[in-house]
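*Asks:* I'd like to ask some things about the structure below.
Values in this text are rule-based calculations from the coordinates and carry no lab data. Quick caveat, the model's predicted, so the values are computed rather than measured. All Cβ positions, glycine included, derive from the backbone under ideal geometry; neighbour counts span all protein chains shown.
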Amino acid sequence: MENSILKSPIIVVGMGELGSVFARGFLKLGCPVQGITRNMSMQTVAESLPTPQAVLIAVGEADIHATLKACPSEWADKVILIQNELLPRDWQTTHLIDPTVISVWFEKKKGMDSKQVMPSPVYGQHAQLVADALAELGLETRILETPEQLNYELVRKNLYILTTNIAGLEVGGNVDELAKNHAAVMNAVALDVLAIQDFLTAQQNSVEPLMAGLLEAFAGDPQHGCMGRSAPARLKRALMFADQANLSVPTLRKIAAQHL
């Protein structure tokens, strides 16, 4: 087994903060890693390395669709995805075959160690590989059993990111303050966000478990600031989807009118 791992590298596309965390975990497992940066061609690398053990796509959300489209067909059944705002529709319309997906619940900022909010759920054929790599770095994971569990976890992460970012434009502060002092704003934003998630997942997602999951995530890092620098872009993107679905999302539109 060890020899086969040594012969078969793991490709990491996008060597930013998160990509570097995963690469370090793979290296600590004894796996060779081939990084791919912006100025490198995936297709050229695939000609030299057509059968890697896995291909971790670690580019930012803005680049994910172009990167998936450009992913060499030789790698189509080996992909691992880690992006925020990811949903099944993002890969189901591509040539990828059953990618492994992790909902990342740790932060990595320049010059700082990774900070875990809670264990990161992961689903797919490479779930154990991902879990083992992150365990080498002291980061916990939770391996999921079904696509339905994955859908819940992806929607929950989107609910967390979008609710905190968009409500943060209105009230600032951290997630503990949002839940305790601005529950009406939090709930109104969350319901608008879930209406958009229902459209994007083509199903009605159950509100109560997701809201419970949101508060569970808040408890993992109560001091987490609500409004990241991506908040305005996330709100604009949410409204674009709402317009596509003819959704009213009144709270999101009100916040946009005041803060965009």
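*Asks:* Which one of Leu96, Ser120, Ala66 is farthest out on the positive end of the charge dipole of the range 26-177, using unit charges on Cβ (Lys, Arg +1; Asp, Glu -1) and the Cα centre as origin?
*Replies:* Ala66
*Asks:* Per the Cauchy relation, a quarter of the hull surface: what is the mean projected area of the convex hull of the alpha carbons in the range 2-145, in nm²?
*Replies:* Here the figure is 8.2 nm², rounded to one decimal.
*Asks:* Go ahead and set up a Gaussian network model of the chain, Cα springs under 10 Å, then flag whichever of Asn181, Asn39, Asn205 fluctuates most.
*Replies:* Fluctuation is largest for Asn39.
*Asks:* If each DSSP helix of 4+ residues adds -39,500 (n - 2.57) and the sum is divided by the residues in the chain, what number results at 222 nm, nearest 500 deg cm²/dmol?
*Replies:* -15500 deg cm²/dmol
*Asks:* Calculate how steeply helix 183-201 sits against the longest principal axis of the alpha-carbon atoms of the chain, using the helix alpha-carbon long axis, and give the answer as 0 to 90 degrees to the nearest 10.
*Replies:* Once rounded, the angle reads 50 degrees.
*Asks:* How big is the charge dipole of the chain about its Cα centre, in debye rounded to the nearest 20, if each Lys and Arg gets +1 on its Cβ and each Asp and Glu gets -1 on its Cβ?
*Replies:* The dipole of the chain has a size of about 680 debye.
*Asks:* Here is a further query. Considering the chain, what Rg and Dmax in Å follow from its alpha-carbon atoms?
*Replies:* Looking at the chain, its Cα Rg and Dmax stand at 18.7, 59 Å.
*Asks:* Going by a ≥ b ≥ c, the root eigenvalues of the Cα gyration tensor, does the range 148-259 fall in the rounded group (a/c under 1.5), the prolate group (a/b larger than b/c) or the oblate group?
*Replies:* In terms of gyration-tensor shape, oblate.
*Asks:* In terms of Cα to Cα distance under 30 Å, which lysines are near enough to Lys254, apart from those fewer than 8 places away along the same chain?
*Replies:* Lys157, Lys180, Lys236
*Asks:* Quick query: amide H of His224 versus all other amide H atoms, modeled in the peptide plane; which residues come in under 5 Å with a sequence gap of 5 or more or a different chain?
*Replies:* Distant-sequence amide H within range of His224: Val175, Asp176.
*Asks:* I want to make sure I understand the PRE zone here: with the label point 7 angstrom from the Cα of Thr37 toward its beta carbon, which residues in the range 93-110 have backbone N atoms less than 17 Å away?
*Replies:* No residues fall inside that zone.
*Asks:* Could I have the simple spin-label model distance between Ser8 and Ser206, label points 7 Å from Cα toward Cβ, reported in nm to one decimal?
*Replies:* Inter-label distance under the simple model: 3.7 nm.
*Asks:* Right, here's the next one. Excluding same-chain residues fewer than 8 positions from Lys28, which aspartates and glutamates have a Cα within less than 18 Å of its Cα?
*Replies:* Glu2, Glu17, Asp113, Asp132, Glu136, Glu140
*Asks:* Okay, moving on. Tell me whether the range 102-158 comes out rounded, prolate or oblate; compute the Cα gyration tensor, take square roots of the eigenvalues as a ≥ b ≥ c, and use a/c under 1.5 as the rounded threshold.
*Replies:* Oblate, since a/c reaches 1.5 and b/c is not below a/b.
*Asks:* Taking Cα pairs under 8 Å and at least six residues apart, what relative contact order does the range 66-151 come out at, in percent?
*Replies:* Value for the range 66-151: 23 percent.
*Asks:* Does anyone have the angle between helix 17-28 and the longest principal axis of the chain? Alpha-carbon axes, 0 to 90°, nearest 10?
*Replies:* 40 degrees
*Asks:* Follow-up question, since we're still on this one. What ³J(HN,Hα) values, in whole Hz, does the Karplus curve 6.51 cos²θ - 1.76 cosθ + 1.60 give for the range 129-136 when θ = phi - 60°, with x put for Gly and Pro?
*Replies:* My calculation for the range 129-136 gives 4, 4, 4, 5, 5, 5, 4, 4 Hz in order.
*Asks:* Separate question: Which aspartates and glutamates, if any, have their Cα less than 12 Å from the Cα of Lys69, not counting same-chain residues under 8 positions apart?
*Replies:* Result set, ordered by chain and number: Asp90.
*Asks:* What is the distance, in nm, between label points placed 7 Å from the Cα along the Cα-to-Cβ direction at Leu137 and at Gln223?
*Replies:* In this crude label model, Leu137 to Gln223 measures out at 2.2 nm.
*Asks:* Rounded to the nearest whole Å³, what is the per residue volume of the convex hull around the Cα atoms of the range 28-110?
*Replies:* It is 121 Å³ per residue.
*Asks:* Separation between the Ser248 and Asp98 pseudo-spin-labels, each 7 Å from Cα along Cα→Cβ, expressed in nm?
*Replies:* Each label point lies 7 Å from its Cα, and together they span 4.4 nm.
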